[in-house]
1. Need the C-alpha centroid separation for the stretch B:216-242 versus the stretch A:82-149, integer Å.
2. Normalised by the number of residues in the stretch A:107-172, what is the relative contact order in percent for Cα pairs under 8 Å and 6+ residues apart?
3. Which whole number gives the average count of other chain Cβ atoms within 10 Å of the Cβ atoms across peptide A:312-321?
4. Could you provide, to the nearest whole Å², the per residue accessible area of the stretch A:268-332 with probe 1.4 Å?
5. Can you find, among B:293, B:270, A:51, the residue farthest towards the positive end of the dipole of the protein assembly as shown? Put +1 on the C-beta of Lys and Arg, -1 on that of Asp and Glu.
6. Rounded to the nearest 0.05, what FRET efficiency do residue A:180 and residue A:325 give with R0 = 30 Å and r taken as the Cβ-Cβ distance? Could you check?
7. Ignoring ligands, DNA and RNA, what percent of the accessible area of chain B is carbon or sulfur (1.4 Å)?
8. Let me confirm one metric for peptide A:286-292, namely the mean number of other chain beta-carbon atoms within 10 Å of its residues' beta-carbons.
2 protein chains.
Amino acid sequence: MASIFEQSHLRMSSGDMTERIREAAAFLKGKIRRTPLEPSPKLAAILGVPVWLKLESLQVTGSFKIRGAWFRLAQSSAAERARGILTCSAGNHGKGVAYAAKELGIGAVICVPKSVDRAKYEGMVALGAEVRVSEFSGYDDTEIWAREQAEAEGKPFISPFDDVDVMAGNGGTLAVEILEEAPEARTFIVPVGGGGMAAGLAFHVKEKLRPAVVIGCQHELSPGLKVSLEAGHAITRLPAIETVAGGVEGGTGELPFEILRTRIDDVALMSEQEIFAATRWMMEQHQYLIEPSAAVTIAACLVGKVPKITSPAVVVISGRNVSLDVVRRILDL
Amino acid sequence: MASIFEQSHLRMSSGDMTERIREAAAFLKGKIRRTPLEPSPKLAAILGVPVWLKLESLQVTGSFKIRGAWFRLAQSSAAERARGILTCSAGNHGKGVAYAAKELGIGAVICVPKSVDRAKYEGMVALGAEVRVSEFSGYDDTEIWAREQAEAEGKPFISPFDDVDVMAGNGGTLAVEILEEAPEARTFIVPVGGGGMAAGLAFHVKEKLRPAVVIGCQHELSPGLKVSLEAGHAITRLPAIETVAGGVEGGTGELPFEILRTRIDDVALMSEQEIFAATRWMMEQHQYLIEPSAAVTIAACLVGKVPKITSPAVVVISGRNVSLDVVRRILDL
């Protein structure tokens with residue numbers, strides 16, 4: 001069996017991964033929202049191809065992260081359920097885990113960087129999770145601290161991206177929905193943090209469509225996937241940066257990189273100011289509040305940092321969890 | 001046959017209206033979004049009953065108005081379709097008409113007050129409608145001007161609320177969806193402008209449920225329904241007011257009043273500042289951008305201007321079409 005994870009110990013064929021995505025999609029059906037795929041005439045005029053926005057910002061818990069979190073937690077053993085789980089998150093995965101854990105009756109501890117967005121923090125607490133704030137401002141350092149606690153407390157550590165079920169749930173099921181509604185789409189523009197959603201989506205669209213183009217968008221000061229592709233292996237730790245786009249901060253996961261290294265066509269790197277402008281653009285043109293991390297894809301389209309696009313395109317809008325303080329900063333010209 | 005419109009020439013029984021709502025719901029299925037019914041734990045804590053938000057702010061065209069507009073235009077005769085139609089709107093009905101007219105291949109002229117929100121104006125123009133801006137800042141004066149043009153040009157005038165198909169589409173189909181997903185709901189808190197949506201919704205829930213409570217929310221400076229109820233007949237014209245909540249400005253329609261006069265349980269009147277605060281609250285608590293007109297219902301719940309609520313409640317969030325300038329004012333930038 002040819003494994004799609006050549007550099008890791010995990011043995012899993014393309015057929016296995018396809019089946020996992022199918023399972024995840026079936027599991028999530030009726031549990032989460034079918035988010036709209038909305039045409040964007042303005043982006044279509046800019047890019048010169050039909051463009052749709054996949055509005056996961058309108059998802060339950062405010063982001064796509066509920067998909068992978070719920071599917072992953074549903075696989076927990078009875079012993080794990082009794083003991084509870086521990087995870088680490090910039091916020092959206094944490095809200096997804098908190099929601100799913102509550103639905104499944106599992107205790108959840110969520111470790112977050114001290115830079116966590118207040119709306120995300122309050123969302124996790126409101127859902128009944130135990131939230132522990134680290135002394136670090138970045139995701140990567142916070143994860144090391146979180147894994148130590150998981151080990152000390154005998155709790156399984158649920159990675160927000162470095163996990164097959166999370167990748168299948170987050171990116172795979174998103175791709176399934178997109179292709180059902182826009183079968184003509186061939187270009188996919190996605191935000192990349194740890195890379196789990198991008199990997200699940202890229203895997204599915206490249207299995208189903210030829211040719212398909214997948215463009216990842218990151219923060220220019222935290223270009224984890226870009227430097228991983230240059231190095232030829234996953235760069236899992238990056239120094240923390242100061243940003244309101246915490247969802248696209250930090251290194252790339254090992255398993256996502258194994259999928260992405262042969263399936264990502266380009267990486268666009270966006271500045272904080274470009275992200276701010278794109279967040280405003282979404283409010284002005286589509287009247288949706290989105291979080292800065294979600295605006296990296298819009299930013300890449302607006303400032304022409306994507307390569308020439310020649311086929312109908314879907315732009316993934318990943319979330320809406322942003323505090324009013326940050327919105328005020330974004331609108332304060 | 002006992003008509004539900006006793007004070008007008010229109011003869012229509014309750015059974016006729018129920019059938020019209022059923023037709024509208026069937027017509028719209030698959031054409032528009034099934035918007036989410038989202039629990040609001042924070043409002044539930046304030047009101048002491050389970051509370052859901054019906055998020056028509058996430059509807060195609062950015063408001064519930066697409067429902068009535070599309071169903072109404074679909075009833076047009078071939079001659080009407082050839083001649084084109086004319087309507088008047090504070091903006092959301094206009095966007096709905098523009099969208100439906102484009103889908104149906106009908107020419108549309110939309111008259112708007114000079115105070116029209118820029119996001120609404122640009123949305124109508126982008127959808128290909130001919131938009132005519134009046135010299136008046138209120139809806140009522142603009143409608144007189146619009147009806148003169150419709151007559152001069154031989155075009156049917158499509159009322160945003162004083163029309164059975166519009167009422168059935170806007171409020172009736174909304175009520176059908178709500179009751180399918182929250183059959184235990186017995187209290188309904190709705191924004192009231194001309195009263196079309198409120199009438200369609202109140203009609204349907206009071207036919208299907210006993211007891212059911214319907215609370216209308218208006219701007220305190222434009223309390224059309226409140227004064228109509230006191231007068232015992234529809235007050236269709238009110239002086240223009242200065243507000244960013246143009247969707248709840250102006251008098252009450254004759255036909256909506258005929259339905260509402262026996263079916264509305266209370267009217268809550270909100271100030272501009274209360275509306276601003278409620279718009280901020282929605283961004284802070286649910287991370288959705290909504291327009292000020294839509295925030296009247298939230299405002300009524302937050303400041304306790306609704307009567308004591310004793311049964312599970314649905315709060316209708318009517319739209320999201322608001323310009324960035326107004327958002328900045330609301331956030332006090």
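The values are calculated or read from the model by the stated rules, or taken from the named source; none is laboratory data. Keep in mind that this is a model prediction, so the values were computed, not measured. When we count neighbours, we look across all protein chains shown, and the Cβ atoms used for this are built from the backbone with ideal geometry, even at glycine. SASA here: full protein model, heavy atoms, side chains in, ligands and nucleic acids out. Shrake-Rupley method; radii C 1.70, N 1.55, O 1.52, S 1.80 Å.
1. A separation of 49 Å, based on Cα centres.
2. On the way: 55 pairs, mean separation 19.3, N = 66.
Taking the mean separation of contacting Cα pairs over the length of the stretch A:107-172, I get 29 percent.
3. Working: counts 0, 0, 0, 0, 0, 0, 0, 1, 5, 1.
Counting Cβ atoms of other protein chains within 10 Å of each residue's Cβ and averaging gives 1.
4. On the way: 1750 Å² over 65 residues.
On a per-residue basis, 27 Å².
5. A:51
6. Values: r = 38 Å, r/R0 = 1.27.
Using R0 = 30 Å, I get an efficiency of 0.20.
7. Numbers: 5840 of 11740 Å².
Ligands and nucleic acids excluded, carbon and sulfur give 50 percent.
8. Details: counts 4, 18, 7, 9, 2, 1, 0.
For this peptide, the per-residue mean of nearby foreign Cβ atoms is 6.
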